[in-house]
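Working notes for the structure below.
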Amino acid sequence: MDGEESFRAYVAGRIAALSRAAWLLTGDQHQAEDLVQLTLVRVARHWERVSAAGDPEPYVRRTMYSQHVSLWRRRWRGVDLRADPPEQAMPDGTAGVARALVVRAALARLAPRQRAVLVLRFFEDLTEAEAAAALGCSVSTVKSQTRDALARLRTHAPELAELVGIGAAAGEER
Amino acid sequence: MSEELRTALRELGERMPATRLGSDPWMVGRRQRWRAAWRTGVAGLVAVLICALGVPAILGGSGAGMPPAATGAGVPERISLPWMWQATVEQDPPGSASVLFGGGGLGLRGSDFVDHEGKIAVVGRGGDYRMLLYGGSESTAGEDVQLSPDGRYVAHVPGTDWLTVTDLTDGSDRAYLGPSNSDCCATPVSWSRDGASLLVVEYDPEATRYDASGWGRDASRLTLLEVTTGATRILVDDLGDRWSLRTASLAAFSPDGSRIAATVGDRLSLLDRDGRMLWSRDLGPQRKLAGNGAFTADGSRIAVADLEGCLSGCDSAALAARTWTVTWLDAATGRDAGGPTLAPVRGQALRALGWRLGIDLVAVRYEAEPGNGMPEGTGWNDTGYWESGRVQLIALRPDGTTEVLLDPPDEVWSLDVARDLLEAGSFGAPATEPRPFPARPIILLVVVPPVLLITVVVGVPLLWRRHRRRRSAPPMADPPWPV
């Protein structure tokens, strides 16, 4: 299998999961699609090196999370990165799910790094060390970001206290 | 509960359909990779060129105004051909020179289309090689490009003035007008020993007369130029056709500069600086003034080169078989005089430059160009650019032996040496190779074609491969929707 074939196989197998993580990171479907697209383009540039290492997942994950923070900074400065808006409007899959709506709104109130930490730790089920590797920071930073993120969720979304209570705090110890 | 948060996040995430990729990330990524590689390559090339051209030009520009090396300065034991793109004197002055030389090959002759036909190499006393460039015609060191006795100035005709003197320490030019304020046309013949005067042959191209064969004849005059004031004085009003002159034996200053030996046809005359003739005698067709260094160091005798061999209509073999023997004239009377018996010199021509330590006659020996015989109906100059083969700098000792002082590469066809070094016997100084930088911008002609060639040879197949891949690549399959 040459580089292009293996890349296409990887994308076909992982794009759904990448899209979900991107959606949780961005809180917006279009931005999530942008993030996935940018991440895959970046990965394609270095695919030979990435795939030669065996498991491309750590590189892809790290690329996506750093792109997410980078995109967020650029959007914050008012730059619209999307050259071609999607032709077809996508239905909002969260409609009608009360808890999902609350979680989504709560995530939106977090800083990008805090959101990233929560997604890595509680959605992708990574250890603190793996999360630190994906974010390019230290384990202690992951710990503090997780603690702050959960505290912020408790403050701004008391209705989620049940989700992020003591048990969640305990999850930080993994 | 962390598990409940996990569940909530999963539920939320699963509401996101798989991304519909707007463009094929593989193709976009590879394109970006290529662009990055190109940008890196171009940036690297630019950096290399900047380093190659700019930095040495800045760092290597220290030759300007450089004084002669305090020790070891002298005529180098060996000279090498300059780079085709060697920097000019104007671009980076080499300081006083030890040697000038011209000839063939890319370093010493170019095409006016992209370079200069006439190229004279200047070897500075610090070892730097720099160029004097002349468009439109080939140039000959020691004849139409003359180094001053102290090696600091070069008298030459760059093409726009009657005569120009270039200061090798700063690259500046001083242009001179001829008698009647003419700005054309002259050829330097000899510097006076003190560097204050120049003998010049001038001619008027507007008075060209054409003979039956269509060969143009330009009447020429021998003129004295005072370098400091620019004043000129005609010494000999009719030297004959400029293009039939044998430039190596035209004229010579006496060591004190007060007398001038001048050749008109077969006659040799001694003139004062006002052009008054002190004596004149017929040398015959086989005897020539030995060169602009013909006066002995004490000024008492004049060296004459006697030719044994072919004089006219010679083929290359006959020219190569010529032998020159130095004999002597009394400078006071012009009569034949006694003197040391120097070894005969075999070659097409011999041109005396001066005296090493007042004892040995230093001269340039010209070999014939193989296959290059005298043409009929046109001018012939034994030491001219087109007539000469290789040259050697030799010393003829009074004991009858000959020493080769400098044996340049075969592509060197003309040579001039600073008189002060020659008279001091400063030969055999350590040689330096020409450094490729600083360079003239023409170096791009050398660098760019190989880069383009490599680009084409490597790039076209890669582009073609990419093109074929793009055409044959299946479109990125849409993932299940929604997931």
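The values are calculated or read from the model by the stated rules, or taken from the named source; none is laboratory data. From a predicted model like this one, the values you see are computed outputs, not experimental measurements. No Cβ is skipped: glycine too gets one built from the backbone with ideal geometry, and neighbour counts run over all protein chains shown. For accessibility, only protein heavy atoms count, side chains too; no ligands or nucleic acids. Shrake-Rupley method; radii C 1.70, N 1.55, O 1.52, S 1.80 Å.
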- Message: Show me the chymotrypsin sites (Phe, Trp or Tyr not before Pro) within segment B:89-195 that DSSP assigns to loop and that have at most 15 other Cβ atoms within 10 Å of their Cβ.
- Response: B:Phe113
- Item | Estimated buried accessible area (total), pair B and A, 1.4 Å, Å² to nearest 100 | 3800
- Provide the FRET efficiency to the nearest 0.05 for the A:Glu4-B:Glu3 pair, computing r from the beta carbons and using R0 = 41 Å. 0.55
- Task: Would you mind classifying the protein assembly as shown by shape? Square roots of the alpha carbon gyration tensor eigenvalues, ordered a ≥ b ≥ c; an a/c under 1.5 is rounded, otherwise it is prolate if a/b is larger than b/c and oblate if not.
- Result: prolate
- Query: Restricting the count to DSSP beta bridges whose residues both fall in the protein assembly as shown, what percent are antiparallel, rounded to a multiple of 5?
  - Reply: 95
- Task: Could you tell me the convex hull volume per residue, in Å³, taken over the Cα atoms of segment B:180-220?
- Result: 75
- Message: Show me the three semi-axes of the equivalent ellipsoid for segment A:1-80, from the C-alpha gyration tensor (sqrt of 5 times each eigenvalue), largest first, rounded to whole Å.
- Response: 24, 13, 10
- Would you work out the charge dipole size for the protein assembly as shown about its Cα centre, treating the Cβ of every Lys and Arg as +1 and the Cβ of every Asp and Glu as -1, and quote it to the nearest 20 debye? 3820
- State the extension gain, in nm to one decimal, for the chain segment bounded by B:Glu403 and B:Asp173, taking 0.36 nm per residue of separation less the distance between their alpha-carbons. 79.2 nm
- Gained length - B:Ala343 relative to B:Arg78, 0.36 nm times residue gap less alpha-carbon distance: 93.0 nm
- Item | Exposure rank, largest accessible area first [B:Arg276, A:Arg154; 1.4 Å] | B:Arg276, A:Arg154
- Task: Could you tell me which of rounded, prolate or oblate describes segment B:204-299, using a ≥ b ≥ c as the square roots of the eigenvalues of the alpha-carbon gyration tensor, with rounded for a/c under 1.5 and, failing that, prolate when a/b is larger than b/c and oblate otherwise?
- Result: oblate
- Message: Please list, in order along segment B:351-356, the HN-Hα scalar couplings obtained from phi with the Karplus expression 6.51 cos²θ - 1.76 cosθ + 1.60 (θ = phi - 60°), rounded to whole Hz, x for Gly and Pro.
- Response: 10, 6, 9, x, 10, 7
- Task: Could you tell me what fraction of 2.2 N^0.38 Å the Cα radius of gyration of segment B:90-188 comes to, as a two-decimal ratio?
- Result: 1.02
- Note on the structure: Kirkwood Rh for segment B:342-443 from C-alpha pairs, in Å, is 15.4
- Label-point separation in nm, A:Arg109 to B:Asp194, each point 7 Å along Cα→Cβ: 10.2
- Tell me, what is the percent relative contact order of chain B, built from C-alpha pairs under 8 Å that lie six or more residues apart? 16
- Task: With θ set to phi - 60°, apply the Karplus curve 6.51 cos²θ - 1.76 cosθ + 1.60 along segment B:240-257 and write out the HN-Hα couplings as whole Hz, x wherever there is a Gly or Pro.
- Result: x, 5, 4, 8, 10, 6, 8, 5, 5, 10, 5, 6, 8, 7, 6, x, 8, x
- State in Å² the accessible area per residue of segment B:63-429; use a 1.4 Å probe, count heavy atoms of protein chains only, and round to the nearest integer. 37
- Query: Around B:Arg346, which amide H atoms from residues at least 5 apart in sequence, or from another chain, sit under 5 Å from its own amide H, with H modelled in the peptide plane?
  - Reply: B:Trp324
- Largest first, what is the accessible-area ranking of B:Cys184, B:Cys314 with a 1.4 Å probe? B:Cys184, B:Cys314
- Query: What nm distance separates the two modelled labels at B:Ser111 and B:Ala47, each placed 7 Å from Cα along Cα→Cβ?
  - Reply: 3.5
- If one takes the longest principal axis of the Cα atoms in chain B, at what angle in degrees, from 0 to 90 and to the nearest 10, does the Cα axis of helix B:443-472 lie? 20
- Ranking B:Thr378, B:Thr323 from most to least accessible area with a 1.4 Å probe gives B:Thr378, B:Thr323
- Under 17 Å by backbone N from the virtual spin label 7 Å along Cα-to-Cβ at B:Leu463, the residues of segment A:1-30 are none
- Note on the structure: PRE zone check, label point 7 Å out along Cα-to-Cβ of B:Thr160, amide N under 18 Å, scope segment B:122-142, hits B:132-137
- Message: Please list, ordered by chain and number, the residues whose modelled amide H lies under 5 Å from the amide H of B:Thr383; skip anything fewer than 5 residues away on the same chain.
- Response: B:Thr247, B:Ala248
- Query: Which is the longest stretch in chain B that no exposed loop site breaks, taking sites as GluC sites (Glu not before Pro) with a DSSP loop state and at most 14 other Cβ atoms within 10 Å?
  - Reply: B:78-375
- Message: Could you check the spin-label model distance between B:Glu308 and B:Tyr210? Points 7 Å from the Cα along Cα→Cβ, value in nm.
- Response: 4.4
- Note on the structure: So the carbon and sulfur contribution to the accessible area of segment B:63-429, 1.4 Å probe, in percent, is 50
- Full extension from B:Val446 to B:Ala431: what is 0.36 nm times the residue separation minus their Cα-Cα distance, to one decimal in nm? 2.8 nm
- Item | Debye equation applied to the C-alpha atoms of chain B, log10 I(q)/I(0) at 0.07, 0.11, 0.12 Å⁻¹ | -0.45, -0.89, -1.04
- Item | Spatial separation of Cα centroids for segment B:338-407 and segment B:92-127, in angstrom | 22
- For chain B, with +1 on Lys and Arg beta carbons and -1 on Asp and Glu, the positive-most of B:Val458, B:Ser23, B:Trp83 along the dipole: B:Ser23
